[in-house]
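The values are calculated or read from the model by the stated rules, or taken from the named source; none is laboratory data. Predicted, not measured: the structure shown is a model, and the values here were computed from it. Heavy atoms of the whole protein, side chains included, go into the accessibility calculation; ligands, DNA and RNA do not. Shrake-Rupley method; radii C 1.70, N 1.55, O 1.52, S 1.80 Å.
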Amino acid sequence: MNEALKNRFVVIEVDYINGDILKTVIKEQSRLQEDYTIHQIIKFNEDLRTMSKQGQISEEAASIRALIDLSDLVTVMPIRRAIQRTIIDKLEDEREQ
């Protein structure tokens, strides 16, 4: 292999899913089935992604995994408390920063 090609790599930027696709993922991957709450979570995620793109928060806070965890917790506790546990606590964790 050519030496110049050995050290090259390709970066493909893939944006997070949103809208109806995200709604489907939440319904299929979490216990949450209530459309109104799912809609609130999707809107919240849009704000998180904007903040992430602006460098205000880490990308992990806006991850799909975090949203699925949030969706599961919302089924057993108030949404503000679930956000505290799944999003805010991660942002304050030194390892996540």
Kindly express, to the nearest 10 degrees and within the range 0 to 90, the angle between helix 64-74's C-alpha long axis and the longest C-alpha principal axis of the chain. 10
Does anyone have the angle between helix 35-53 and the longest principal axis of the chain? Alpha-carbon axes, 0 to 90°, nearest 10? 40
Among MET77, MET51, what's the order by accessible area (1.4 angstrom probe), most exposed first? MET51, MET77
Expected max-MSF residue from GLU34, GLU13, GLU59 in the GNM of the chain (alpha carbon, under 10 Å) is GLU13
When only Cα pairs under 8 Å and 6 or more residues apart are kept, what is the percent relative contact order across the chain? 24
Please arrange TYR16, TYR36 by accessible surface area, largest first, computed with a 1.4 Å probe and ligands excluded. TYR36, TYR16
Give the carbon-plus-sulfur fraction of the accessible surface of the chain in %, rounded to a whole number; probe 1.4 Å, heavy atoms of protein chains only. 49
So how tilted is helix 19-29 from the main axis of the chain? Cα-based, degrees 0 to 90, rounded to 10. 80
Probe of 1.4 angstrom, ligands and nucleic acids ignored: what's the accessible area per residue over the range 18-94, in square angstrom? 60
Order ILE57, ILE88, most accessible first, counting only protein heavy atoms with a 1.4 angstrom probe. ILE88, ILE57
